[in-house]
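For reference, the structure discussed in these notes is given below.
The values are calculated or read from the model by the stated rules, or taken from the named source; none is laboratory data. Since the structure is predicted, the reported quantities are computational estimates derived from the model, not experimental observations. So basically every Cβ, Gly included, is an ideal-geometry build from the backbone, and we count neighbours across all protein chains shown. When the accessible area is computed, the model is the full protein with side chains, heavy atoms only, and any ligands, DNA or RNA have been set aside. Shrake-Rupley method; radii C 1.70, N 1.55, O 1.52, S 1.80 Å.
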Amino acid sequence: DLGMEKDIPLFALFVKVLAEYERGEMSSYYYWLNSLPRKFNNGAAMTYSCFECLLPYAAQLAETERNTFSKFREALDMVLVTGFIDKKTRSNMNVLKWAFNVVATRSFVVWEGERMIVPMGDFFNHGTEPEVTIDHDEDGNCVFYSASDIPAGYPLRIKYSGPSDPSALLAKYGFLDEQALGTFCKMMNMQTEMTDLGLTASNMLFYSNGEIAPEVYDCVLYSILGGSDPSLQQQFYDAYTSGDEETKQSFHNQYWEYTLQTIREHVDQTLQDLYALSVRASEKDVVTHPRLPVILKHNEFVTNAFYSVRDQLNQM
């Protein structure tokens, strides 16, 4: 009823962590649990004051994490955990949120529909180009091995599951990946067009060096054609889906100025929005809202990427 079928493996880990928490020092996982962070910066840990300092895409992702936690809380009283998870624990918001954030940020996706937490293995940080790869055998054992020769002194990192977009990583895990190559272009008004073309936020990128992913140009032109002549939009769609690069490029050549203008206007508006968000965030108390610093770093990363893109656009 809560629409949580895909989250059942995560919920099972959530209940497991709560059960081990209740066992205290009797738990075989006690020392591992005691070593884990008490404070998290991800979407589930954010407040609505945090959301209003983020662009819509990042805020939407963060709020999704918070809503998932709320559903987990509700589900605890709906499933047969009475007598298994104490009522005192089930009513302790801080413990519940901590347990949720532990499993949401430290579990791995293994076989389809399955998740696991590997104590010690969950200490690996994220890397866009990781040094370490994860594998699992038929018995469920988790193996970490080097993807290449690693010089002494280099970090050992894995690639976290899900999109590598900085906004997605902030919402899911609560940190900024400053080594990310780029960020989603934030064209939230083109969700329908993205779906039509089979695109996701991972395709629609503005790169930190100012480059724009080809899919952005395709999606913007597809949207422009849809607003002016649906028959031309269909022709472009057919060329796009069939891999007819020649026809597709002829459309781009013909409507280039319109595409360029649309992207420029979007970049300028987003930069204005980012400035307003930074002003709003600066008016809040960091003590009351301790996640503001990482949110501001995230916004700064996106701002810098958009400035680089604007510089590139101005040279076209």
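Quick look at the values:
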read-out	value
Candidates Val17, Val79 - the one that is part of a loop (DSSP other than H, G, I, E, B), on the phi < 0 side of the Ramachandran plot and out of contact with any Asp or Glu (no Cβ under 9 Å at 6 or more places or on another chain)	Val79
Among (1) under 27 Å from Cys50 (Cβ atoms); (2) open to solvent by 60 Å² or more (accessible area, probe 1.4 Å); (3) part of a helix (DSSP H, G or I), the one test that Gln179 misses	(3)
Flag if Phe184 is open to solvent by less than 10 Å² (accessible area, probe 1.4 Å) and either under 12 Å from His126 (Cα atoms) or in contact (Cβ under 8 Å) with a residue 60 or more places away in the chain (or both)	yes
Selection within segment 122-138 - part of a loop (DSSP other than H, G, I, E, B), closer than 22 Å to Ala168 by Cβ and either touching a residue at least 60 places away in the same chain (Cβ under 8 Å) or among the charged types (D, E, K, R) (or both)	Glu129, Glu131
Tally of residues being over 19 Å from Ala213 (Cβ atoms) and part of a helix (DSSP H, G or I) across segment 232-252	9
Conditions (1) over 21 Å from Tyr21 (Cα atoms); (2) outside any loop (DSSP other than H, G, I, E, B); number of the one not met by Asn41	(2)
Members of segment 91-121 that are assigned to a helix (DSSP H, G or I) and at pLDDT below 90	Gly121
Scope segment 156-176; condition open to solvent by less than 60 Å² (accessible area, probe 1.4 Å) and part of a loop (DSSP other than H, G, I, E, B); matching residues	Tyr160, Ser161, Gly162, Ser164, Asp165, Gly174, Phe175, Leu176
Subset tally (residues that are in contact with a strand residue (DSSP E or B) (Cβ under 9 Å, 6 or more places away or on another chain) and either open to solvent by less than 50 Å² (accessible area, probe 1.4 Å) or closer than 14 Å to Leu33 by Cβ (or both)) for segment 2-19	3
In segment 244-292, the residues that are basic (Lys, Arg), at pLDDT 95 or above and open to solvent by 50 Å² or more (accessible area, probe 1.4 Å)	Arg264
Test set (1) buried (at least 18 other Cβ atoms within 10 Å of the Cβ); (2) more than 30 Å from Tyr222 (Cα to Cα) - Gly121 fails condition number	(1)
Enumeration of residues in segment 20-36 that are part of a helix (DSSP H, G or I) and open to solvent by 40 Å² or more (accessible area, probe 1.4 Å)	Tyr21, Glu22, Arg23, Glu25, Met26, Tyr30, Tyr31, Asn34, Ser35
Hey, Asn209 of a type in the set (S, T, N, Q), more than 17 Å from the chain's Cα centre (by Cα), more than 30 Å from Pro37 (Cβ to Cβ) and part of a loop (DSSP other than H, G, I, E, B) or not	yes
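Results for (1) among the polar types (S, T, N, Q); (2) at positive phi; (3) without any contact (Cβ under 8 Å) to a residue 12 or more places away in the chain, shown as yes or no for each residue.
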| residue | (1), (2), (3) |
| --- | --- |
| Leu199 | no, no, no |
| Ser202 | yes, no, no |
| Val220 | no, no, no |
| Gln234 | yes, no, yes |
| Tyr237 | no, no, no |
| Asn253 | yes, no, yes |
| Tyr258 | no, no, no |
| Leu271 | no, no, no |
